[in-house]
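In what follows, a structure is listed as structure tokens, so that the remarks can point back to it.
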Amino acid sequence: MNTATKLSGFALGLAVVFGATYGVGRVADPVAPPAEAPHEAGGGHGEDGGAGHGGDNGAAAHLPGGLLVSDRGYTLRPVDAPAGQFAFQVTGPDGGAVTAYDVAHDKRMHLIVARRDLSGFRHVHPEMAPDGTWRVDSPLAGPGVWRAFADFTPTGGEALTLGVDVTVPGALTGRPLPAPATSTTVDGYTVTLAGAPEPGRTAELTLTVSRAGAPVTDLEPYLGAYGHLVALRQGDLAYLHVHPHGEPGDGRTRPGPEVSFSAEMPSAGAYRLYLDFKHGGVVRTAEFTIVAGSPPTAPGAPAATSSPTAGTPAATSSPTAGAGHGVPGHGHD
Ligand SMILES: [Cu+2]
């Protein structure tokens, strides 16, 4: 039973798609769909028991990260914390708080937060108490409904990103998603973005950092890389965390000005990208809005005019090319 569980987990990781690991995924993927649920029936399946069903596991294996508060027996649970602090636990399959985590990208726990309107992004690293409670100075900067993502690997398990909504009371000011752009500035740095993401296909995204018109060629390693890229999908905040090609110290990866990534957006639509990079001892976040595939039709807009020119794929190839993505339930085989 563990095998099937782990395969599902592996496939989930793959859906997030990171450059080098993608190749591995193409090999493993055909094995993934578990025909029979590895679910030892206790007293028959209760009517409300959606979460435990094998079919749901299969569907979850195709989901991007961060959409589930509970997956494969692990559950993200915020706990009460003093004002100004944010605290949570991850409970494991035995119901108790998990206390053993593997280090990934220099940390055992990565906590990412963003408001549901995609503003206010923060990426922080809580400290764990011996009882498994993680605490950090609250990254929730003001009122709103926030999505908190815990990105971690329980020792002996697969990498997981669980997400939970946290409401900070107060007057809400909805912020519209900034328009798509290929250049942004943060704190005196200009970051440009090259690349054209297409849904369901791996795209090269290259980010170039400059300051005062000069390329920055001495980026500093941050969590084992010259950049960390998180993408959140507008609408449901599906979470992708992508690491760049190459590592500091591998003898071929330059410390800027370019940092490049392979990323696969799971569907058409708008995403907010957050690039964390470190220079001069300070980590900064450059943000971009991108649209994968054809721009979505605005709600309430008249149906598209007759010629859907841009981005229409040449009709010759079969629609099965994107195998598996977005297929609800047990599509293949
Ligand atoms: Cu982190």
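The values are calculated or read from the model by the stated rules, or taken from the named source; none is laboratory data. Remember, it's a predicted structure, so these values are computed and weren't measured experimentally. Backbone-built Cβ (ideal geometry, glycine too); neighbour counts: all protein chains shown.
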Exercise. Within the bounds of region 104-126, is there any residue that is part of a strand (DSSP E or B) and either away from the ligand (no atom under 16 Å from the Cβ) or more than 25 Å from L223 (Cα to Cα) (or both)?
Worked result: yes
For this session: Tell me which residues, restricted to region 253-284, are among the basic types (K, R) and buried (at least 19 other Cβ atoms within 10 Å of the Cβ).
Result: R272
Exercise. Name the residues in region 127-146 that are within 16 Å of the ligand (Cβ to nearest atom) and surrounded by fewer than 16 Cβ atoms within 10 Å (Cβ to Cβ), would you?
Worked result: E127, D137
Seminar exercise, completed: Condition set of a type outside the set (F, W, Y) and surrounded by 18 or more Cβ atoms within 10 Å (Cβ to Cβ), scope region 90-103, selection nearest to the ligand (Cβ to nearest atom): answer is V90
Exercise. Just one of A87, A83 is more than 19 Å from the chain's Cα centre (by Cα), away from the ligand (no atom under 16 Å from the Cβ), among the hydrophobic types (A, V, I, L, M, F, W, C) and surrounded by 16 or more Cβ atoms within 10 Å (Cβ to Cβ); which is it?
Worked result: A87
For this session: Assess whether R115 counts as being under 18 Å from the mean Cα position of the chain (by Cα), crowded, with 18+ Cβ neighbours inside 10 Å, of a type outside the set (F, W, Y) and over 23 Å from L229 (Cβ atoms).
Result: no
Exercise. Taking region 266-285 on its own, how many of its residues are not small (G, A, S) and not in a strand (DSSP E or B)?
Worked result: 1
Problem set entry | Elements of type strands (runs of 3 or more DSSP E) contained in region 147-248, each with 2 or more residues being crowded, with 21+ Cβ neighbours inside 10 Å and within 16 Å of the ligand (Cβ to nearest atom) | 160-168, 228-233, 239-242
Problem set entry | Every pair of residues 6+ apart whose Cβ atoms lie under 8 Å, when the first sits in region 211-228 and is closer than 19 Å to D151 by Cβ and of a type outside the set (A, V, I, L, M, F, W, C) while the second is assigned to a loop (DSSP other than H, G, I, E, B) and within 15 Å of the ligand (Cβ to nearest atom) | G224/H105; G224/D106; H228/H105; H228/H243
Exercise. Which residue pairs have Cβ atoms closer than 6 Å, lie 6 or more positions apart in sequence or on different chains, and pair a first residue in region 97-112 that is closer than 11 Å to A159 by Cα and among the acidic types (D, E) with a second residue that is at pLDDT 95 or above and surrounded by fewer than 19 Cβ atoms within 10 Å (Cβ to Cβ)?
Worked result: D102/T153; D102/T155
For this session: Give the residue, chosen from T153, T182, T161, T192, that is hydroxyl-bearing (S, T, Y), over 16 Å from the mean Cα position of the chain (by Cα) and at pLDDT 95 or above.
Result: T192
